[in-house]
1. Considering only residues of segment 59-105 that are among the acidic types (Asp, Glu) and more than 16 Å from His37 (Cβ to Cβ), which is nearest to the chain's Cα centre (by Cα)?
2. Looking at segment 28-55 only, could you name the residues that are closer than 12 Å to Tyr96 by Cα and surrounded by 19 or more Cβ atoms within 10 Å (Cβ to Cβ)?
3. Just for helices (runs of 4 or more DSSP H) wholly inside segment 22-112: which have at least 3 residues that are modelled with pLDDT of 95 or more and among the hydroxyl-bearing types (Ser, Thr, Tyr)?
4. Among the numbered criteria (1) modelled with pLDDT of 95 or more; (2) over 21 Å from Gly109 (Cβ atoms); (3) among the acidic types (Asp, Glu), which single criterion is violated by Glu17?
Amino acid sequence: MAGSRKFLCIRIPGPAEGNALAGLYGLGRAYEGLGRHDEAVRAHERAATILRCPLVIMFLGGAYADAGRVDDARRVLEELKQRRTEAYTTALSLAYVYTKLGEMDLAIGWTT
């Protein structure tokens, strides 16, 4: 169909994986809030092995930035940019990682 875009997150996790994904997502976010950045990275990395979609990748990139792993965060940005050429990926995911890197002008550029 002309003009249609495909989605890269087409595999739906089974019940056990879905529960693990939700748990790892929540755990990663909780660790972020506590400032336990290395543990947040580990949780988000594990979540990305279950389902590597833009939302999961976005939080992984942010966790990398918070942990000072700038090169890893930039690799996530490149992955998100590549995904935007192949399937729907919200610009917010890029803006989020740029914000975590402290690059506000680039973050704003993706939201306007």
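1. The initial filter retains those residues of segment 59-105 that are among the acidic types (Asp, Glu), namely 66, 71-72, 78-79, 86, 103, 105.
Cutting the leftovers down to more than 16 Å from His37 (Cβ to Cβ) gives us 78-79, 86, 103, 105.
On the way: Glu78: 11, Glu79: 10, Glu86: 16, Glu103: 17, Asp105: 20 Å.
Looking at residues that are among the acidic types (Asp, Glu) and more than 16 Å from His37 (Cβ to Cβ), I get Glu79.
2. Across segment 28-55, the qualifying residue is only Pro54.
3. Values: elements: 37-50, 54-66, 70-86, 91-100, 104-111.
Output list reads 91-100.
4. Of the numbered conditions (1) modelled with pLDDT of 95 or more; (2) over 21 Å from Gly109 (Cβ atoms); (3) among the acidic types (Asp, Glu), the odd one out for Glu17 is (1).
Every residue, every condition in (1) closer than 20 Å to Ala48 by Cα; (2) touching a residue at least 40 places away in the same chain (Cβ under 8 Å), yes or no:
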site	(1), (2)
Asp72	yes, no
Glu78	yes, no
Gln82	yes, no
Glu86	yes, yes
Ala91	yes, no
Leu94	yes, no
Tyr98	yes, no
Gly102	no, no
Gly109	no, no
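The values are calculated or read from the model by the stated rules, or taken from the named source; none is laboratory data. Keep in mind the model is a prediction, meaning the values are calculated, not measured. A quick note on method: Cβ atoms are made from the backbone with ideal geometry, for glycine too, and the neighbour counts reach across all protein chains shown.
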